[in-house]
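What follows is a single structure, written as structure tokens, with notes after it.
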Amino acid sequence: MTTYLITVSLGPVQGMIAAARRTRDLWCGSWVLSEAARAAALVLHNADAKNKPLIFPYTENPDSDLKPKEKLGDEANIANILRAQIELSSPGAAAKLCKKAKDAANQRIQDLGKRAIQQLGRLDTPLRMEVWNAQIGDILECYSAWVPIHHNGYPDASRNLGRVLNERKATRNFAPACELKITGLPKSSLDGALETVLPKEWPLQHPARRKLGLGSGEQLDALGVIKRMAVGADQFTPYSRIAADAWIRELAPEQRERINEQYEPIRELDLATKCTGNGGIYTDLPFDGELLFDFRLQNAINEYQRWFPEGVARLQRLREVLIAIGRQLDPKGQTIGAPVPYAAILKGDGDHMGRLLSQARTIEDSKAISEALHRFASSVRLIVRNCNGHAIYAGGDDVLAMVPLTSAQDCAKALADEFRVQMQDVITRLDLKIPADEKPTLSVGIAIGHVMEPLGALRQRAEQAEKLAKGDEQEHPRNALAIQLGIRSGGEYRWRASWDDEDARAALTRLTSGFRHRQLPSRVAFDLGAIDRRLGWLRDDNHADAGGMRKAEVLRMLDRARIDGGSAKVAPDLQQLLLELSSKLSLGKLADTLIIARWLAARRAADIGDN
């Protein structure tokens, strides 16, 4: 018998997760891939269950933890790259084991597909089964590699395994596509890659359309149907509900009750969905939140005007209630208005993880690192939930979550702190010698976008924010927080600071507080931008009076600024902070920082001038 180090990689991650038009697609894509990895990991575990061969993922009770999950829970996701150490008789036995793991992953996908078909069958929705069968077996890409552990030991085998897996991926298989008898079918609306499996004759009023969340003309391939039907919609928290959360929490209980009374009849017609997942933290208003925004509510009324009078009547009643509540005053004497139509997608990734993993001297070291990553991932959902957000994916050192604007900074900081604690714990426990500037940290990107913005654009902005946080071109890369705001009317604004730069983070927090408590007028940011453009010829700082002229202009602007159009000036500490920042940053960057701070403070649409 020979001890082999084995890895199985499942994907494609982009195709499984990123092909999404609704938050529901993003949620379920992550879950489906995790379920496939769970099934494959169980096969590897069962190959030598007594010796607990799994390295990645770490599980405390693999016999139960690796069983299929029927719904979303608080457990960490299973990452798409598995690793195990198993004694086998030959390389052929390793190949057979990897094939068995791949088959189990594919079978889990097919089982989820059968569940979706059954649910649609109950709604009298026959699918194009020829197209379905051609697609369902080709959803997953599976690669595997194995190397024997020789006298050079585990570290050498680990390096070889990574090299062999990369070479295997470079020689990917190109299996022949199944030829369809039907030609000219529309493509899936999620990514336009594969043909639709939905029926040709399907009236707009068909109830399955509403269950699938489809608009007129939208199509789904097999994976798209699985994403929409494999898990109950009430387990997902839509982006719109996250955006409205801070506004909802400021409502009086009787105001929330009035909204709930009108929302429930709409949900009964499948024109809205419930929100019961995430530990039940949204029970005060347990609905998707989309219809709290008047532009979405009006669109729904217009869409159903011609053929669904009962639905239109219920939507109109909800609109009347929302308008009446919006005109009322809160305890501070401010108009309640409408919820802010922006939220944040948070994306985090560990830094210097390659360095940490390469320090593993034995299988036990790798398992200890895997356990530390598992502890972090298992804590993510609770951390995000405590910030009134919902974690979409938490596996290893990867995090994807949605959070309200008002808690986005706190959530990012809490995640980074927890990651640092868990990684330092395993470094200390294993007595690893890692320089301070190469220790694992968590870089976090926060992407802010409008609820009407396509999900693909929101996800892409989150990736850009994470890349900005990593900051390969920065003087101090990684270990940072970055925020990227996309305003629907146009314009992208960016901010970045190292987690070690407490002054920069404190400044953003104080500016955010200033906007939240109406201590800063909204026009300050735009006035600074105007000064920056007017003094553009001084930006190179070659002019002897550049600093003095900028300071004088900022002082003049602050002296004239008034809060809420009244007579009160900007608080002295905020004036001093803005002067200090204007000497450290270009006025353009300071203006961007203020705009981002204003959005982070927003609870209602009026806070950002969106009425």
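All of the numbers you see were taken from the coordinates with simple rules; none came from a lab. If you're wondering where the values come from, they're calculated on a predicted model, not measured in any experiment. A quick note on method: Cβ atoms are made from the backbone with ideal geometry, for glycine too, and the neighbour counts reach across all protein chains shown.
Observations
- Counting only Cβ charges, +1 for Lys and Arg and -1 for Asp and Glu, the dipole size of segment 2-170 around its Cα centre is about 220 debye.
- Most positive-pole-ward Cα, Leu585, Ile487, Ile595, against dipole of the chain from beta carbon charges: Ile487
- Peptides 573-581, 449-457, 61-69 ranked from most to least packed by the mean count of surrounding Cβ atoms within 10 Å: 449-457, 573-581, 61-69.
- Approximate spin-label separation Arg163-Ala552, in nm, with each point projected 7 Å along Cα-to-Cβ: 6.6
- For segment 190-288, the residue among Ile242, Asn260, Leu204 whose Cα projects farthest onto the positive side of the dipole built from Cβ charges is Leu204.
- Order of Thr283, Thr7 - criterion: other Cβ atoms within 10 Å of each residue's Cβ, fewest first: Thr283, Thr7
- Dividing the summed -39500 (n - 2.57) terms of all DSSP H runs of n ≥ 4 by the residue count of the chain sets its mean residue ellipticity at 222 nm at -15500 deg cm²/dmol.
- Net +/- balance of residues flanking Asn386 in space, Cβ distance below 14 Å, scoring K and R +1, D and E -1: -1
- Against the empirical 2.2 N^0.38 Å (N residues), the chain has a Cα radius of gyration ratio of 1.06.
- Ordering of 218-224, 189-195, 263-269, 339-345 by burial proxy (mean other Cβ atoms within 10 Å per residue, highest first): 339-345, 218-224, 189-195, 263-269
- Straight-distance crosslink candidates among lysines, where the alpha carbon sits under 18 Å from Lys200 and sequence neighbours closer than 8 are dropped: Lys181, Lys187, Lys211
- Each Lys and Arg Cβ is given +1 and each Asp and Glu Cβ -1; about its Cα centre, segment 476-611 then shows a dipole of about 420 debye.
- Above-threshold pairs, the threshold being 28 Å between Cα atoms, out of Lys67/Lys96; Lys227/Lys347; Lys332/Lys551; Lys274/Lys470: Lys332/Lys551; Lys274/Lys470
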